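*Asks:* The following block contains the structure, expressed as structure tokens.
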Amino acid sequence: MLLAKTLRSSTFRLALIAIAVFGLIVAAIMAYVYFGTLAYVRSRVGNAGDHGDFTAMIGLAMFAVALLLAMLAGLAAVLVTRRTVGRIEEINATSRAIMLSGLDRRIPLRGSHDEWDRVAENLNQMLDRIETLMGEVKQVSDNVAHDLRTPLTRMRGRLEKAYHTPRNSEADAALIGDTIADLDAVLGMFASITRISEIETRARKGAFRRLNLVEVASEVVELYDAAAEEVATRLSISGDREVSVTGDRDLLFDAIANLVDNAIKHGRAGGQVTVTCRSAEGGADIAIADDGPGIPAEQRDHVFKRFTRLEQSRYTPGNGLGLSLVAAVARLHGAEITLHDNAPGLTVRLSFPTS
């Protein structure tokens, strides 16, 4: 079956065309050698004697060489094409299996480390990436469904209760207020998703300009100072007086605000949150450190994914989009975001390149 596919393949037809062209060139060379040899012999010995046997011997030798070359070329074309078709069939078979059963199949490698193995490796890596993305989409869908179910269930319960009870202006006002609050939370979730998508498509890079990162961080610290005082947390800013970066002021403000808000909420009550801005040789750094419980090392790679929350029951306020927005802003600005152990607590560092 593989031989039949080999003979029908376009690669084999191309090989035959190449052999035909090569054969014509070889035939022309052999004809030149044949007639040149005869002319040389005649010029040396003249017409004396019978040259028929010599001519027949030369002709037979030429025919034998031509036949041998044709056979070897045909065999080489079949073998090379068979190998190519065989590898393509492996890829096709794996592709069909993936379409039928799922993304768990991979293209087998032969260990030859040739171009076909490299193609298979690249395709397998692509399949790994697709499988990861599909898993993330499923996780996001599950989390969205969970996060939407709670406020929608509360709203339905309130409305059903109000429907079966006599009208009361105070109770109705409270119900309307609670329902509006839940709707605002749902709308805020979708607004965050839209904003992250907008940032990831780099639609806001037109607002980039030179700015002092310390000024932006100071505004954030001033904004969250009251929230920190409510939980007896000391919020402060330190570092250089001026740290220049090129970026979108509003987006950087939102990213730093999310990090400070997380540090206050998840840090230790009565603890310390420090925002540090410094100019570095390779650019600029801003670090937000707290002395809370921190994040386990094995979970640090996942916290920047959408709707990821360390609190698995998902009943605490929040939707798991804050750090996703921070990661999107960092990518837009070409910044590297890293998490470090603050012993105790966590330090989140944004490192901006030289602009």
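*Asks:* Per the Kirkwood formula on distinct C-alpha pairs, the Rh of the stretch 215-305 is how many angstrom? Display every interim value, and only then the final one.
*Replies:* Working: mean 1/r = 0.0720 Å⁻¹.
About 13.9 Å, per the Kirkwood formula over Cα pairs.
*Asks:* Percent relative contact order of the stretch 231-305, based on C-alpha pairs within less than 8 angstrom and at least six residues apart? Don't skip to the end; give the middle numbers.
*Replies:* On the way: 100 pairs, mean separation 26.9, N = 75.
Reported relative contact order: 36 percent.
*Asks:* Quick check: at a probe of 1.4 Å, how many percent of the accessible area of the stretch 203-275 sits on carbon and sulfur atoms? Walk me through the numbers on the way to the answer.
*Replies:* Values: 1690 of 3660 Å².
Its accessible area is 46 percent carbon and sulfur atoms.
*Asks:* Report the Cα centroid-to-centroid distance between the stretch 219-248 and the stretch 60-76 in angstrom, as an integer.
*Replies:* 84
*Asks:* So how exposed is residue 266, as accessible area in Å² (1.4 Å probe, rounded to 10)?
*Replies:* Around 120 Å² of this residue is reachable by solvent.
The values are calculated or read from the model by the stated rules, or taken from the named source; none is laboratory data. For clarity, every value in this text was computed on a predicted model and none was experimentally measured. The area values use the complete protein model at the heavy-atom level, side chains included, leaving out ligands, DNA and RNA. Shrake-Rupley method; radii C 1.70, N 1.55, O 1.52, S 1.80 Å.
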